[in-house]
Amino acid sequence: MTQLALVIDLNVCVGCHACVTSCKEWNTSGPAGSMVDKNPYKEDPTGTFFNRVQSFEIGTYPQTETVHFPKSCLHCEEPPCVPVCPTGASYKREEDGIVLVDYDKCIGCKYCSWACPYGARELDEKQKVMKKCTLCVDRIYDEDLPEKERLPACVMSCPTSARLFGDIHDENSDVSKAIREDAGYQLMPEWGTKPANHYLPRRKVKMTIHKDELERVDNPLSKEERKTHNAPSDSPSLEDMTTW
Amino acid sequence: MHPAFSVIFLTTLIGAGQGLFLALFTGQIFSQFKLMPEQHDSNFYVIGSIIAVGLMAIGLFASFFHLGHPERAWRSAAKWKTSWLSREVIALPAAMGAISLYGAAHYFGFTTPLFTMPGGTEIDATLLLGLASTFTVYTLFICTGMIYGCIKFLQEWHSPLTVINFTLMGMASGFAVATALSAYMQTDLTKFYAVWAILFTVLAFVFRVLSLVRNKKIKPKSDMRSAIGVNHPNIRQMAQGSMGGSFNTREYFHGKKAGFVRNMKYIFLVLAFIVPLALLVFSLGASSWVIPVAAVGIQYLGLIAERWYFFADANHPQNLYYQQIS
């Protein structure tokens, strides 16, 4: 079975919002209709986004570090939003595990958004239907696109390659390897939703250097060392044992 | 959560309608099984059924305002196998239909016994339709409560107390309406219903306070660490990805100060339980219909406050991601 997913590397995400804008650009231009932008140039601008980059400060000043955190639908393997939908508009595809909303069936009751602990779903203020990340289902299978462009718009646009896309059920895929080898984790695992999207943690490259590595204690080339080195010893030496 | 008035009116009104029907049928059973002096005033059952169905119809009407696409509402009966909301969408018209038939059977006087029970009790069409309605009414109580009770992320709601409270508060308000109606129509049932209404109001009060106590002790299952997966006790949001708010900041936050929410709690405890209780007890000794009608009105205001608080009290884990605009 296939489970397509994103793996987001927090170690290299710089919080540039390129994924946010390219996601909006692609998905607002599609046949499913635009994603509303209310008051774009006035007070309280608001609109529908499938993907947002949030920023968090970890630690207490001055020992702080900033984590940029892109958040979109995690395409859970046990999606809690699907069974609660009264119309069947919310569904998980058997063939690739993408969780989708059928905009023609959605009645806009918002019940699925209550049942998502991640806040991944947003009601479009104009179309009055629930919207969320589709993993660019209209890109990744499009044979009119060159093969290397059959990727979600956010993955295409990421300048630091912080976003990987692939099948997490295929153990040899890049995403599976990244999860396995770089400690990929899921968000809020305590709810048992089994999110398909994974995050890779911040990783620090550290080198521990001890004092004796900077300065050799027994430097045979030092003047002092040479003296003691060449002084006759009380203990038996190699020369007592062997004959050359 | 953000309290939506469409849902507040839906749940309180259908609860009262369901409770009113249960009151009518309780009266009929007591009378038919000769547990109290027999009632022959079918008018009371007819008008009572009309009011019960009317309350539920207004509630149903209010619920449409919750939908983005009310014209597609018929689709929501599709997934009854998995969704409590879908089950409610089926159970609500079913209960309304069954209660309508029950009222119609009284109106057309289908009271000729169909058969006689071994004990000598005569069973007629109204009794059978009443039983069927009772089944649909309880099904509806369970469906409505489970819509909220089944969402495990909202820990304040994820408890059997949600279903129990929806049922008890519906019955308390419904029996209060029955008390007011019978006082207004001057049937002999006023005291009978007042006693039941007092009983259910006390029970509803006890269980509502129990859920308040339970919710006060809740430890949130998720915190910032599990939300973004960084194991540090001190995580502060700097930006949430939008400058002017989003669906996430509107749907899951009530936007009121803590004091306002706390006051709402005291208001509903007084208006939904204590004042109606006093009025109902008072009405036992008085014959005026004004007192039970006032009890119904005040209790309904209290229940609106209660439902508002019910929503505002629930803290959604997604709020962890939306603590700071920028």
Subject >> Test: residue in region A:140-151 that is within 12 Å of chain B (Cβ to nearest Cβ) and farther than 29 Å from B:Y322 by Cβ >> reply: no
**OP:** Starting from residues that are of a type in the set (S, T, Y) and facing chain B (nearest Cβ under 10 Å), keep the ones in region A:165-217 and report whichever is most open to solvent (accessible area, probe 1.4 Å).
**Re:** A:Y185
Original post:
Among the residues of region A:140-164, how many are surrounded by fewer than 18 Cβ atoms within 10 Å (Cβ to Cβ) and within 22 Å of A:A32 (Cβ to Cβ)?
Top reply: 7
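Can you name every residue in region B:292-308 that is in contact (Cβ under 8 Å) with a residue 40 or more places away in the chain and of a type in the set (V, I, T)? Lay out the reasoning, then the answer.
Within region B:292-308, the subset in contact (Cβ under 8 Å) with a residue 40 or more places away in the chain is B:292-293, B:295-296, B:299-300, B:303-308.
Hits for region B:292-308 are B:V293, B:V296, B:I304.
Take the residues in region B:270-315 that are under 30 Å from B:E251 (Cβ atoms) and not in a helix (DSSP H, G or I); name whichever of them is least open to solvent (accessible area, probe 1.4 Å).
Quick first cut of region B:270-315, residues under 30 Å from B:E251 (Cβ atoms) only: B:270-273, B:299-315.
Now narrow it down to the ones that are not in a helix (DSSP H, G or I): B:314-315.
On the way: B:A314: 4, B:N315: 89 Å².
Filtering first and then ranking leaves B:A314.
Among the residues in region A:83-90, are any over 24 Å from A:R180 (Cα atoms), assigned by TED's automatic domain parsing to the domain that holds A:V175 and in contact with a Phe, Trp or Tyr (Cβ under 6 Å, 6 or more places away or on another chain)? Spell out the reasoning first.
Applying the first criterion (over 24 Å from A:R180 (Cα atoms)) to region A:83-90 yields A:83-90.
So of that shortlist, the ones also assigned by TED's automatic domain parsing to the domain that holds A:V175 come out as A:83-90.
Now restrict to residues that are in contact with a Phe, Trp or Tyr (Cβ under 6 Å, 6 or more places away or on another chain): A:84.
So far as region A:83-90 goes, yes, one or more of its residues are over 24 Å from A:R180 (Cα atoms), assigned by TED's automatic domain parsing to the domain that holds A:V175 and in contact with a Phe, Trp or Tyr (Cβ under 6 Å, 6 or more places away or on another chain).
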**OP:** Go through the residues of region A:110-121 one by one and say whether even a single one is farther than 19 Å from B:Y148 by Cα, assigned by TED's automatic domain parsing to the domain that holds A:E190 and not polar (S, T, N, Q).
**Re:** yes
Original post:
Applying the selection to region B:64-85, what residues are open to solvent by less than 40 Å² (accessible area, probe 1.4 Å) and farther than 19 Å from A:Y103 by Cβ?
Top reply: B:A77
Original post:
For region B:203-223, which residues satisfy the criterion of being surrounded by 14 or more Cβ atoms within 10 Å (Cβ to Cβ) and under 24 Å from B:S173 (Cα atoms)?
Top reply: B:L203, B:A204, B:F205, B:F207, B:R208, B:L210, B:S211, B:L212, B:N215
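Scan region B:224-246 and tell me whether some residue there is of a type in the set (D, E, K, R), within 11 Å of another protein chain (Cβ to nearest Cβ) and surrounded by fewer than 18 Cβ atoms within 10 Å (Cβ to Cβ).
Filtering region B:224-246 for residues of a type in the set (D, E, K, R) gives B:225, B:236.
Okay, now just the ones that are also within 11 Å of another protein chain (Cβ to nearest Cβ), so B:225, B:236.
Next, from what is left, pick out any that are surrounded by fewer than 18 Cβ atoms within 10 Å (Cβ to Cβ): B:225, B:236.
Scanning region B:224-246, I find at least one residue that is of a type in the set (D, E, K, R), within 11 Å of another protein chain (Cβ to nearest Cβ) and surrounded by fewer than 18 Cβ atoms within 10 Å (Cβ to Cβ), so the answer is yes.
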Subject >> Of all residues in region A:110-139 being facing chain B (nearest Cβ under 9 Å) and open to solvent by 20 Å² or more (accessible area, probe 1.4 Å), the one that is farthest from B:F253 (Cα to Cα) >> reply: A:Q127
Original post:
Across region B:103-114, what is the number of residues that are open to solvent by 100 Å² or more (accessible area, probe 1.4 Å) and hydrophobic (A, V, I, L, M, F, W, C)?
Top reply: 3
Subject >> Total residues in region B:65-105, condition in contact (Cβ under 8 Å) with a residue 24 or more places away in the chain and at the interface with chain A (Cβ under 7 Å from one of its Cβ atoms) >> reply: 2
Subject >> Every residue from region A:60-87 that is of a type outside the set (V, I, T), at pLDDT below 95 and more than 28 Å from A:S157 (Cβ to Cβ) >> reply: A:Y61, A:P62, A:Q63
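Results for (1) facing chain A (nearest Cβ under 10 Å); (2) at pLDDT below 95; (3) within 27 Å of A:E122 (Cα to Cα), shown as yes or no for each residue.
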site	(1), (2), (3)
B:K256	no, yes, yes
B:L284	no, yes, no
B:G297	no, no, no
B:L301	no, no, no
B:A305	no, no, no
B:F310	no, no, yes
B:Q318	yes, no, yes
B:Q323	yes, yes, yes
**OP:** Taking B:F30 as meeting all but one of (1) more than 23 Å from B:L303 (Cα to Cα); (2) open to solvent by 60 Å² or more (accessible area, probe 1.4 Å), write down the number of the exception.
**Re:** (2)
Original post:
So which residues in region A:35-67 are of a type outside the set (A, V, I, L, M, F, W, C), in a loop (DSSP other than H, G, I, E, B) and touching a residue at least 12 places away in the same chain (Cβ under 8 Å)?
Top reply: A:T48
**OP:** Please verify whether region B:32-39 includes one or more residues that are within 24 Å of the chain's Cα centre (by Cα) and of a type in the set (K, R).
**Re:** no
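Scan region A:74-90 and give yes if some residue there is part of a strand (DSSP E or B), crowded, with 19+ Cβ neighbours inside 10 Å and more than 8 Å from chain B (Cβ to nearest Cβ), otherwise no. Steps first, please.
Taking region A:74-90 and keeping what is part of a strand (DSSP E or B), we get A:90.
Narrowing the set further to residues that are crowded, with 19+ Cβ neighbours inside 10 Å leaves A:90.
Now restrict to residues that are more than 8 Å from chain B (Cβ to nearest Cβ): A:90.
For region A:74-90, residues part of a strand (DSSP E or B), crowded, with 19+ Cβ neighbours inside 10 Å and more than 8 Å from chain B (Cβ to nearest Cβ): present.
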**OP:** Report the residue count in region B:224-238 for those that are farther than 22 Å from B:H2 by Cβ and not in a helix (DSSP H, G or I).
**Re:** 9
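The values are calculated or read from the model by the stated rules, or taken from the named source; none is laboratory data. None of the values given here were measured: they were computed from a predicted structure. Note that each Cβ is placed from the backbone with ideal geometry, even for glycine, and that neighbours are counted across all protein chains shown. With ligands, DNA and RNA removed, areas are computed over all heavy atoms of the protein, side chains included. Shrake-Rupley method; radii C 1.70, N 1.55, O 1.52, S 1.80 Å.
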